[in-house]
Amino acid sequence: MKNSRIRAKKVRRIKVANLAAYSLTHSVSNCTIPSVPESELIDKKVSFGTIKAVKGKAEWTIPKEGYPQQKSLRKKYKKKYYNKDGSIRKVISHDSDYAQYPDPTFRPKGHAWFMEQVVQHKLAKWEKKNPCPVKTGDNQPDLFEQEYVIPWKAEREIALERIRDFVVSIYDKLPLTGRFKKSETEYVEQSVAELKDKNGEGHHINDLDPKKSKLLKKAQKKTDETKAKHANLICTNLKDHKRQKGRLVMPKAA
């Protein structure tokens, strides 16, 4: 055991030495990029001062909105001006400086926005496979525009509805709510699970066959598992995607 420990210690030391050598080789002090002589540099004026640029080389491009601000920003405030006797002469309101610059903070736009982006992406792919029969944007209207465009728009609406149902089925989970008995006259509803509807059965939940539907079988399994843990469970309610209709699921007798 002693020899193996010494060998492992040596291996660790070798690894540390290799990492140190690699870091030293690729450090700034060992940079092999040649420096530019002063004779090849010129002064260039920019919005925030003067910089050094290389003659005949690609120069920096300054955005139209300019570089980010360098001073500290002030929030919205009011400044009061007083008379000699101490009374307020006037009050001037100053706007916030933060409105002049874009907010770099990333804020999630929500689950509904994400699903809408997926719908538009799939609709664009459908339009690529089924282009509009009449060119849009032409000054001269097509003679057969009404004959071809109206059926195409109807097909597009059908495809859009089908795509929305598919996206909702994949990304919108169905809530399974349980009804629990606390006393003889008091009942409480609590969330039991959220089920993923892969086959789109949640759009017509009241027309499903419990012997064939995979969604109802999954809901039945979750209901039975909850009943085994909580004996006061009466039933569960599986809502559809619009949260307007529901399907009662009774736990099976043990």
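The values are calculated or read from the model by the stated rules, or taken from the named source; none is laboratory data. Predicted, not measured: the structure shown is a model, and the values here were computed from it. Every residue, glycine among them, receives a Cβ derived from its backbone with ideal geometry; neighbour counts consider all protein chains shown.
Considering only residues that are of a type in the set (A, V, I, L, M, F, W, C) and over 16 Å from Thr177 (Cβ atoms), look in region 208-230 and name the one that is surrounded by the fewest Cβ atoms within 10 Å (Cβ to Cβ).
Ala228
Which numbered condition trips up Ser169, out of (1) surrounded by 14 or more Cβ atoms within 10 Å (Cβ to Cβ); (2) at pLDDT 85 or above?
(2)
Against the definition (surrounded by 11 or more Cβ atoms within 10 Å (Cβ to Cβ), more than 27 Å from Lys252 (Cα to Cα) and modelled with pLDDT of 85 or more), how does Arg179 come out, yes or no?
No; evaluated as a whole, the condition is false for this residue.
Say whether the condition of being among the polar types (S, T, N, Q) and touching a residue at least 12 places away in the same chain (Cβ under 8 Å) is met by at least one residue in region 238-247.
For region 238-247, residues among the polar types (S, T, N, Q) and touching a residue at least 12 places away in the same chain (Cβ under 8 Å): absent.
So which residues in region 221-237 are touching a residue at least 40 places away in the same chain (Cβ under 8 Å) and either in a helix (DSSP H, G or I) or not aliphatic (A, V, I, L, M) (or both), if there are any at all?
Once the filter is applied, which keeps residues that are touching a residue at least 40 places away in the same chain (Cβ under 8 Å) and either in a helix (DSSP H, G or I) or not aliphatic (A, V, I, L, M) (or both), region 221-237 yields Lys222, Thr223, Thr226, His230, Asn232, Cys235, Thr236, Asn237.
Restricting attention to region 238-254, report how many residues are assigned to a loop (DSSP other than H, G, I, E, B), closer than 16 Å to Ile170 by Cα and at pLDDT 90 or above.
The total comes to 0.
Could you please let me know if Val188 is hydrophobic (A, V, I, L, M, F, W, C) and in contact with a strand residue (DSSP E or B) (Cβ under 9 Å, 6 or more places away or on another chain)?
yes
Give the residues of region 163-176 that are without any contact (Cβ under 8 Å) to a residue 60 or more places away in the chain and in contact with a Phe, Trp or Tyr (Cβ under 9 Å, 6 or more places away or on another chain), sorted by residue number.
Passing the criteria: only Ile163.
Within region 150-189, track down each residue that is among the hydrophobic types (A, V, I, L, M, F, W, C) and assigned to a helix (DSSP H, G or I).
Ile150, Trp152, Ala154, Ile158, Ala159, Leu160, Ile163, Phe166, Val167, Val168, Ile170
Could you tell me which residue of region 177-196 is farthest from Asp224 (Cα to Cα), considering only residues that are of a type in the set (Gly, Ala, Ser) and touching a residue at least 12 places away in the same chain (Cβ under 8 Å)?
Ser191
Considering every residue within region 190-207, establish whether at least one is in a loop (DSSP other than H, G, I, E, B), surrounded by 11 or more Cβ atoms within 10 Å (Cβ to Cβ) and modelled with pLDDT of 90 or more.
So far as region 190-207 goes, no, none of its residues is in a loop (DSSP other than H, G, I, E, B), surrounded by 11 or more Cβ atoms within 10 Å (Cβ to Cβ) and modelled with pLDDT of 90 or more.
Just need a number here: residues in region 53-88 that are over 30 Å from Ser35 (Cα atoms), loosely packed, with under 10 Cβ neighbours inside 10 Å and either touching a His at 6+ places or on another chain (Cβ under 6 Å) or modelled with pLDDT of 55 or more (or both).
Number satisfying all stated conditions: 13.
Would you say Lys218 is within 29 Å of the chain's Cα centre (by Cα) and either assigned by TED's automatic domain parsing to the domain that holds Phe166 or assigned to a helix (DSSP H, G or I) (or both)?
Criteria met by Lys218.
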